[in-house]
1. So residue 372 clears everything in (1) touching a Lys or Arg at 6+ places or on another chain (Cβ under 8 Å); (2) at pLDDT 90 or above except one condition, right? Which one?
2. Could you tell me how many of the residues in region 642-676 are within 60 Å of the chain's Cα centre (by Cα) and surrounded by fewer than 17 Cβ atoms within 10 Å (Cβ to Cβ)?
3. Condition first: out of contact with any helix residue (DSSP H, G or I) (no Cβ under 8 Å at 6 or more places or on another chain) and exposed (fewer than 12 other Cβ atoms within 10 Å of the Cβ). Can you find one or more residues in region 603-611 that meet it?
4. Which ones in region 545-565 are in contact with a Ser or Thr (Cβ under 9 Å, 6 or more places away or on another chain) and either more than 17 Å from residue 395 (Cα to Cα) or in a loop (DSSP other than H, G, I, E, B) (or both)?
5. Take residues that are over 30 Å from residue 586 (Cβ atoms) and at pLDDT 90 or above and tell me which of the strands (runs of 3 or more DSSP E) falling wholly in region 474-541 contain 2 or more.
6. Of all residues in region 331-342, which are on the phi < 0 side of the Ramachandran plot, touching a residue at least 24 places away in the same chain (Cβ under 8 Å) and among the small types (Gly, Ala, Ser)?
7. If you check residue 545 against the conditions, is it loosely packed, with under 15 Cβ neighbours inside 10 Å and not aromatic (Phe, Trp, Tyr)?
Amino acid sequence: MEGRGNSSVRRSLLVGAAVVTAATVIAIAASVANADYTLYTCGQYYNEGVFAATLPAGGSVTTAGSGCPAAGGDTGFGLASSPTVSASRGHRGAWQATAPAGLEIVAASVPAKSLYPSGLNDGEDWGGGVYWQGGGAQVSDTTGNAGTWSGFASPYFGFQIVCGANPCKAGTPADVAALSVNSVSLSVRETVGPSLSASNGLWLTKGWIRGQWPLKFSGSSPSGMCGLNGTLNQIPVTGTSSARDVATWHQCSAPAVSDTINTGAYGQGAMPLYIAGWDAAGKTVGYTKTVYVDNSTPTLSLTGPSDASTAAGTQYVVASAGGSPSGIAGISCSVDGAPSHWYAGASAQVPVTGVGAHQVRCTAYDNAVDANGTHGPSQTQSWSMKIGEPTELGVAFRKYVGLKCHKVKQRVTIPGHWVTRHRHGKKIRVKTKTKHKIRKVTKCHPRVKHVRVVVRVPKRRHGRIVRRHGKVVYRKKIEHKRVVVQPHWQNKTKKHVRHGRSTTVSGWLGLTDGTALGGQPVQVLTAPDNGLNHFRVVATTTTASNGAWSVKLRAGPSRIIAASYGGSAVTQGTASGHITEIVRAKIKLNGVTPRRVAWGHSVRIKGKVLGGYLPTGGINVRLRIGIANNKTTYGVHEHVRGNGHFTTTYTFGAGPARIHRRYWFQIATLPAGNYPYAAARSTRVYVNVGGHPKHRRHHPGQHHRHHRH
């Protein structure tokens, strides 16, 4: 029965279990067990506290010679009347087995050649046999040396001899009444089933978990727990087992399960946790609960401005977390190394204030905790931000006027910040004290000038206003007033510059409150005025103490000019508006040949567009011819590209040889949106037309060579 019970119990542990609710300590008893087990005592086993002797006072009954294991039939549970001491009626001696709580005896058996009654129930003084609750049976010399008793359910079972006379006189040693039992087996029924208990660890978790958790639980049973095991997400965990001792009531003692479970090896999400055990009586017990596992790493992103103005007030870095099945418990953020602040939930707005560079570092935590209560963290993310004072930057072809600058003392507050200090061999974070210092800055403000103005005031005489025909008489009065000259540039935003000439641009840099920024780098950018807006840095300069700057630009095409300031640790970057430099194209008429032609003949015209920047498709050149102050456009030469060289011809009409005219030729560029030059024209080249064309004279040597050919 024992072997069959063990194998069937082990299989059943992985098949099913009763679902119960987790409590602080699990202690749920199973129903009354129907399975029995057998307890063997004496014979080849020791009496391990199963049977205990009960003897009357005075020594009328003895247990001399008792001892287990029994060997050669001479030992066991022995009872004998004393040959020297008389006994009163009812005096009894017994060996009794009393079942612990939760167990009852349902049968007993003594094997062959193990039961030896002597002088009992033979009509003499002594009787005896076996007994249990509510019943018993006699034994005698004629009973035999074995016996089996069943059909009862008793908390105890025993062997006894009882005095039936008054008195039971002592006799010779040959007349002693005795009962000897060498070996006994008891059939035991379990009335209280096994149970499991857990006081901490994985079984008692609530909510989402992660990482490593201890799995600790134990079992108890009247017959003894023979094995404990379990599964997580149907994957077995390490269990315990115990060998069986059939000579004791508590036949198994499986140690408690104490294992460390790495939840990451068992999956993710909701999963069943099952713990189970079986006892010596073949009874099983099992409980199931659902645990929620999340070993994911939360995601975290930070967004916000990287460069902000103090005029915009408090800035915020937005932290957003997610990516964990358990949800986000909160986000921990630190600004500039200060102690972290906790923001509950999956998003947070971290305020950042103060002039200068700042860094925000945040870590998100999900709702899953490990055995130490630590939530699952994300990777730490950081965001850099600079908060600077707003600046303004101007650019023009002439100086900035109407601004008056002077040196002033300014009190600057340096706020405390978090630093690392060493104290008593440990690193700690401390915040420095707020400091104040005085510095000299250049402060600029609009100029004020005095002007004379003529105003009309009522005329007074003897303190009274003079009236004529009922109307007030006014007189002229000259007053001096202070007039604010608003800062402005002296010229317009466009300037015409001759081809090949350099130009100078100037500007001013300062805070919006008028404080000049000296010693700051300013970049000047230009882009050819061809509609492509291909800006590039052409010069870098440094502002003077009053914020002014000036740069001389090399010759170039028509271009758009702007200035840029990248900012500093405490100021914002800014860019100026655009100004435009307009440059006329340079076109040259290289020659018109021949310079003297007859009517009806042609001239060859050669020209060149200088300065580069010719677009891929080229530009068009207008062709002009004129006489005196009269002119006409006779054609357009298209697609002048490459190096700008081009050639064309012009044919004069027929005319009488006696008439001579002096014509001039001129070429000019036509406007083009993708050509960064304004339209321009060349100088005039004159050609005489009329008469007969001159024949070319041949050199004698040339004529000789011609004839040789």
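The values are calculated or read from the model by the stated rules, or taken from the named source; none is laboratory data. Bear in mind the structure is a predicted one, so any value in this text is a computation, not a measurement. Neighbour counts are summed over all protein chains in view; Cβ atoms, including those assigned to glycine, are modelled from backbone coordinates with ideal geometry.
1. (1)
2. Residues of region 642-676 within 60 Å of the chain's Cα centre (by Cα): 642-643, 671-676.
Narrowing further to those that are surrounded by fewer than 17 Cβ atoms within 10 Å (Cβ to Cβ): 642-643, 671, 673-674.
Result for region 642-676: 5.
3. The first filter runs over region 603-611 and keeps only residues out of contact with any helix residue (DSSP H, G or I) (no Cβ under 8 Å at 6 or more places or on another chain), leaving 603-611.
Applying the additional criterion that residues be exposed (fewer than 12 other Cβ atoms within 10 Å of the Cβ) yields none.
Within region 603-611 (the criterion being out of contact with any helix residue (DSSP H, G or I) (no Cβ under 8 Å at 6 or more places or on another chain) and exposed (fewer than 12 other Cβ atoms within 10 Å of the Cβ)), the answer is no, since none of the residues qualifies.
4. Just the residues of region 545-565 that are in contact with a Ser or Thr (Cβ under 9 Å, 6 or more places away or on another chain), to begin with: 545-556, 558-565.
Correct list: 545, 546, 547, 554, 555, 556, 558.
5. Values: elements: 474-485, 494-497, 503-511, 521-528.
Counting at least 2 such residues, we get 521-528.
6. The answer is 332, 334, 338.
7. Numbers: loosely packed, with under 15 Cβ neighbours inside 10 Å: yes; not aromatic (Phe, Trp, Tyr): yes.
Yes; evaluated as a whole, the condition is true for this residue.
For every residue, the table says whether it meets (1) outside the structural domain of residue 55 (by TED's automatic domain parsing); (2) among the hydroxyl-bearing types (Ser, Thr, Tyr); (3) without any contact (Cβ under 8 Å) to a residue 60 or more places away in the chain; (4) not in a loop (DSSP other than H, G, I, E, B).
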site	(1), (2), (3), (4)
117	no, no, no, yes
123	no, no, yes, no
142	no, yes, yes, no
151	no, no, yes, yes
162	no, no, no, yes
199	yes, yes, no, no
203	yes, no, no, yes
